[in-house]
Amino acid sequence: MEMHRTSLPMGILVTLLFLFLLAPVLLVFPISFSGDQILAFPPSSWSLRWYSALASNTVMISAFSTSFVLAAIVTALSLLIAVPAAYAIVRLKTAGSEFLFNLFTAPLLLPTIVLGLAILIVFASIGLLATFHGLVIAHLVVTLPYALRVLAVSLGAANMACEEAASSLGAKPLTVFRRVTLPMMTPGIVAATALCFLVSFDEVVITLFLTGPRLTTLPVELFNHVERRADPLVASVSVLLIIVTLAVVLIVDRSMGLTKTFVEKK
Amino acid sequence: MMHQKNFAAEASQGDPDAYLRLEGVSKTYGDFEAVRSLDLAIGKGELVALLGPSGCGKTTTLRMIAGLVPTSGGRITVGETDLTAVPPHGRDMGLVFQSYALFPHMTVARNVAFGLEMRSIPRGEIDRRVKEALAMVQLDKLAERRPRELSGGQQQRVALARALVVKPSILLLDEPLSNLDAKLRDEMRTQIRDIQQQVGITTVFVTHDQVEALSMCDRIVVMRNGRVEQIGTPVDVYERPATPFVASFVGRTIRLSGTANGDGAIDIGGDVIRSAAGLAPGPAEIMVRPHRIEVDWTGQAKTKDDVNRLSGVLCRITFVGDVIQYHVGIGDAEVIAEASTTGNQQLPAAGTPVTLSWRVEDTMAFGSGQ
Ligand SMILES: Nc1ncnc2c1ncn2[C@@H]1O[C@H](COP(=O)(O)OP(=O)(O)OP(=O)(O)O)[C@@H](O)[C@H]1O
Ligand SMILES: [Mg+2]
């Protein structure tokens, strides 16, 4: 592999661009250590008071745990549905699988706000508003297309001859799937897990329509909080969000590395 | 059509020793016939090549034997067992793919162990047999590597070890050498043949490389458009091709058309060529291997009874190192004759009248019907 050498001006330009893009995010960190009553930069004094305020804010804490549990359940369900679906579409090529794939991935093309409204109307009529399982279903509508895309691509890239070799070596179909297909899909599964988790954890637009005073998620609560008051609590919540997000992104990055180790030399 | 019938009779009745049998096996995709009523009987321990141009149905045939592609008709049996409806995991066949298809997430040793694990063999015996198999292909040192850390030739040998370690009843190889460079291909050719003989395993070898088929295999099945053109030993197929297609596909040939006059001779632009084939009067074609042709420009070549002679004009000479190629114009056609180089040759100039001669028995003649 040839090393890419970037010229100095190019390097400076790229650094500036990154700073520009990241500045708002980076600002959140100093602000979260502010000792002030109101949101301002730079803070006039430093303290950990907004972290302790966060720790004793039961609404935020419960919204965080709702978001976390919701994202975990949505991710698990997405995989449970998308892995077999991707297999049926890519490998078995069952009748109508093309149609199924398009149907599943269609929400990717719709404006989220329209999707949110549609779900609101449907859920209102069947009493799913402000319920946890309602949220799970709504988030699945958003995460499944991602999961299916990623898994279908990763399965498509896996050499089908490996599965045939396994079966000719005496492995029954389920064993082939467990011992060969699934491990070959691992990078895709890791990536899909991370993606689903992030999408669900960050989802605001649709969730706004579906949450109520008794059930709310962290991003929605953050939104509500900012509307009511302008204290630096939101900064400490943001830091929490960023840390969870970064952790997930790191997993994705690791899985990309994994992809390279798994993909065969051509 | 008569041709086909004969093979069918041969496969189902003759040859009681046949181990792997294909009877009227066919495969259609929509209304496209990829393999048409194929009959084949392979003896135990035999190495048989399926040879033919791209798209003639070799891989499809092999995959039907392995059970990876369902047949559209016909029967496949091994010994007394009818395997036609048996799924691949119940067929006990070792398969080596063109892409090797090693499991990327397993080490070399785990790859080779896979088939043994599927057979619920105790761990200790698995370890021993994996070691043996890897030693057989000289890869014992690389047991803990991953497939992507191996060269093409090494991957190929792992694939071979993985297929053989389970002692399958049949070994199926689909162009296993086509991804290797020329030198390695030569080496692997010998190695595969040696291992095949040592293990004594019945083997079907798919290739589109005639040199591979001729040099490695006991018998060759020449295929074209989903049909068998000829089944025979390498010598049969090379020396006594059943059709012009076989003659031109296996080995190199020069090709001239003329008219059969009914008494065993063929008229080519005034020269009379004799052959062993009794052709009916009408348009005919003769073929000769370039290296069987002698080129004479001294005008002193002796006329003999068992030698065909044809006169032409030298167009040009190509020096290819080991051999010299004489491009000779005969009427409108140009043919190539080949001779070994000797070092101190006096070569004629272009435009020199020359005489080509070759033995009558080296003349392959075909009527227009073939
Ligand atoms: N799944 C399929 N659907 C439709 N046609 C197919 C399918 N698989 C193979 N064919 C056709 O069947 C014919 C035989 O294919 P096959 O793969 O057996 O050829 P081959 O002799 O192995 O050729 P090659 O030397 O290129 O590998 C080809 O014309 C191919 O296009
Ligand atoms: Mg092929």
Task: Label-point separation, B:Asp322 to A:Ile12 (7 Å along Cα→Cβ), nm - done: 6.5
Open item on the list: With the cut-off at 1.5 for a/c, could you classify the range B:106-165 from its C-alpha gyration tensor as rounded, prolate or oblate?
Closed with: prolate
Open item on the list: Relative contact order of chain B, please, whole-number percent, based on alpha carbon pairs below 8 angstrom and at least 6 residues apart.
Closed with: 15
Task: Approximate spin-label separation A:Ala23-B:Ala280, in nm, with each point projected 7 Å along Cα-to-Cβ - done: 9.3
Open item on the list: Taking R0 as 60 Å, what FRET efficiency do you get between B:Thr341 and A:Val204 from their Cβ-Cβ distance, rounded to the nearest 0.05?
Closed with: 0.15
Task: Diffusion coefficient, µm² s⁻¹, Stokes-Einstein with Kirkwood Rh over alpha-carbon pairs of the range B:254-367 at 37 °C and 0.692 mPa s - done: 227
TODO: With a Förster radius of 45 Å, plug the Cβ-Cβ distance of B:Asp31 and A:Val153 into 1/(1 + (r/R0)^6) and report the FRET value to the nearest 0.05.
DONE: 0.85
Open item on the list: Explain nothing, just compute: Karplus ³J(HN,Hα) = 6.51 cos²θ - 1.76 cosθ + 1.60, θ = phi - 60°, for every residue of the range B:116-128 in order, whole Hz, x for Gly and Pro.
Closed with: 5, 4, 5, 9, 6, 8, x, 3, x, 5, 4, 4, 5
Open item on the list: Assuming 0.36 nm per residue, please report the length gained on full extension of the stretch A:Gln37 to A:Ser62 beyond their Cα-Cα distance.
Closed with: 6.7 nm
Task: Rel. contact order, % - alpha carbon contacts under 8 angstrom, at least six apart, the range B:254-367 - done: 34
TODO: Figure the gain on full extension for B:Thr190 and B:Thr259 (residue separation times 0.36 nm, minus the Cα-Cα span) and round it to one decimal in nm.
DONE: 20.5 nm
TODO: Return a whole-number percent for the relative contact order of chain A, with Cα pairs under 8 Å and 6 or more residues apart as the contact set.
DONE: 28
Open item on the list: Roughly how far apart, in whole Å, are the Cα centres of the range B:270-306 and the range B:16-38?
Closed with: 39
Open item on the list: Need one word for the range A:117-266: rounded, prolate or oblate. Basis is the Cα gyration tensor (sqrt eigenvalues a ≥ b ≥ c); a/c below 1.5 gives rounded, then a/b vs b/c decides.
Closed with: oblate
Open item on the list: As I understand it, the value is the acute angle between the Cα axis of helix A:58-87 and the longest principal axis of the Cα atoms of chain A; what does it come to in degrees, rounded to 10?
Closed with: 10
Open item on the list: Among DSSP bridges having both ends in chain B, what percentage is antiparallel? Round to the nearest 5.
Closed with: 75
Task: Protection-proxy order for peptides B:109-116, B:260-267, A:118-125, each taking the mean of Cβ atoms within 10 Å per residue, highest first - done: B:109-116, B:260-267, A:118-125
Task: FRET efficiency, B:Asp306 to B:Val199 (Cβ-Cβ, R0 35 Å, nearest 0.05) - done: 0.20
TODO: Using DSSP, restrict attention to beta bridges with both residues in the protein assembly as shown and report what percent are antiparallel, rounded to the nearest 5.
DONE: 80
Task: Net +/- balance of residues flanking B:Glu334 in space, Cβ distance below 15 Å, scoring K and R +1, D and E -1 - done: +1
TODO: Pick out, in residue order, every one of the chymotrypsin sites (Phe, Trp or Tyr not before Pro) in the range B:230-272 that is DSSP loop and has at most 16 other C-beta atoms within 10 Å; say none if there are none.
DONE: none
TODO: Over the whole of B:50-61, what's the average partner chain Cβ count within 10 Å per residue? Rounded to a whole number, please.
DONE: 0
Open item on the list: Taking each residue in B:144-150, count the Cβ atoms of any other chain within 10 Å of its Cβ, then average. What number comes out?
Closed with: 2
Open item on the list: Cut-off 10 angstrom, C-alpha nodes, Gaussian network model of chain A. Which of A:Ser67, A:Ser52, A:Ser238 fluctuates the most?
Closed with: A:Ser52
- [ ] Count neighbours as other Cβ atoms within 10 Å of each site's Cβ, and list the trypsin sites (Lys or Arg not before Pro) in the range A:1-109 that are DSSP loop with at most 12 such neighbours.
- [x] A:Arg5, A:Lys93
Open item on the list: Taking beta carbons within 10 Å but only from partner chains, what does the mean come to for residues A:71-81?
Closed with: 0
Open item on the list: Test of understanding: in a Gaussian network model of chain A with alpha carbons linked when under 10 Å, which of A:Val14, A:Val176, A:Val114 would top the mean-square fluctuation ranking?
Closed with: A:Val14
Task: Candidates B:Ile293, B:Ile192, B:Ile324: whichever shows maximal mean-square fluctuation once chain B is modelled as a Gaussian network with Cα springs under 10 Å - done: B:Ile324
- [ ] Quickly rank B:341-350, B:200-209 as a protection proxy: mean count of other C-beta atoms within 10 Å, highest first.
- [x] B:200-209, B:341-350
Open item on the list: Can you show me the helix-derived [θ] at 222 nm for chain B, built from DSSP H runs with n ≥ 4 at -39,500 (n - 2.57) apiece and divided by the number of residues, rounded to the nearest 500.
Closed with: -7500 deg cm²/dmol
Task: Of A:Leu155, A:Ala124, A:Val226, farthest towards positive along the dipole that unit charges on Lys, Arg, Asp, Glu beta carbons give chain A - done: A:Leu155
Task: Electrostatic dipole magnitude of chain A [Cβ: Lys, Arg +1; Asp, Glu -1; Cα centre; debye, to 20] - done: 560
TODO: Determine, for each peptide in B:132-138, A:148-154, B:171-177, B:120-126, the mean count of other beta carbons within 10 angstrom over its residues, then list the peptides with the highest first.
DONE: B:171-177, A:148-154, B:132-138, B:120-126
- [ ] Please get the size of the charge dipole for the range B:254-367, origin at its Cα centre, with Cβ charges of +1 on Lys and Arg and -1 on Asp and Glu, quoted in debye to the nearest 20.
- [x] 160
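Read-outs: derived from the displayed coordinates by stated rules, not from any lab. In this text, all values refer to a predicted model and were calculated from it rather than measured experimentally. Using ideal geometry, Cβ is built from the backbone for each residue, glycine included, and neighbour counts are taken over all protein chains shown.
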